[in-house]
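Novice: Handing you this structure, nothing more for now.
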Amino acid sequence: MSRDGKEKSKYLVFLEIVILIVLIIIALKLRIVVINSTGYDAIYKVPLFVLPLLLIGYIIWELFGDQISAPIASFLLQSGERISKPKNYSRARALLAQNKIEEAIKVYERLINKDKFDITAYCELADIYHEKLKDYSAAFNCYEKIEQYARENTDIIFAINRKVDIYLSNKDYPGAIKELKKITQKFPKIKDSARAEERIKKLQHLINSAT
């Protein structure tokens, strides 16, 4: 924008603010007049009170429309996501109930593409791969994402334990021990850590017995 354009813009903003103040004063005075009016007299004076209010609203929008609309739009989008996600989960679960597994997977994948931190989508998708399709590689990848993106300790521990189950299904005891040690190292003071220690001991015993 040129210097003249900037000066003009500042002048217009200043003028709009002055007009806004004048309109507010007029509206306040007209409000008193309308309140004290009765009968047919009030009917004619109400529109005179409404007109400055409309002009005030218009000028406020001109001055602050961008600042007002951005948070509102953000709130509506976030609210829409909060509303739409449960619907999509329900749709995917309904498809699973009808044994339409591929279609359900696509629903979960769309959710993940929109939000890579959607732990619920990863969990339910992993369950499909793990329990229904026996695609342990795809399930493992989902558990890896849960471990990476989850904020709750319970979700992280769940993902690690499920990876342990996959290692054990392949009789990969060293891999299972490696995963269990993550629990003991990251969460040393909780019950899950003690359980992980017990499992590590049993697995090490199996490895020692095999050698």
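Novice: Criterion first (within 27 Å of Ser90 (Cα to Cα) and either hydrophobic (A, V, I, L, M, F, W, C) or outside any helix (DSSP H, G or I) (or both)) does Ile177 satisfy it?
Specialist: Answer is no for this residue.
Novice: Looking at Tyr129, Tyr167, which is the one that is within 30 Å of Lys100 (Cβ to Cβ) and surrounded by 18 or more Cβ atoms within 10 Å (Cβ to Cβ)?
Specialist: Within the list Tyr129, Tyr167, the selection yields Tyr129.
Novice: Can you go through Ile156, Ile177 and tell me which one is modelled with pLDDT of 95 or more, more than 20 Å from Tyr122 (Cα to Cα) and surrounded by 15 or more Cβ atoms within 10 Å (Cβ to Cβ)?
Specialist: The match here is Ile177.
Novice: Filter region 191-202 down to the residues that are of a type in the set (A, V, I, L, M) and surrounded by 14 or more Cβ atoms within 10 Å (Cβ to Cβ) and list them by number.
Specialist: Passing the criteria: Ala196, Ile200.
Novice: Across region 161-199, which residue is nearest to the chain's Cα centre (by Cα) among those that are aliphatic (A, V, I, L, M) and within 27 Å of Asp135 (Cβ to Cβ)?
Specialist: Ile183
The values are calculated or read from the model by the stated rules, or taken from the named source; none is laboratory data. Note that the structure is predicted; figures quoted are calculated from it, not measured. Cβ: placed from backbone, ideal geometry, glycine included. Neighbour counts: every protein chain shown.
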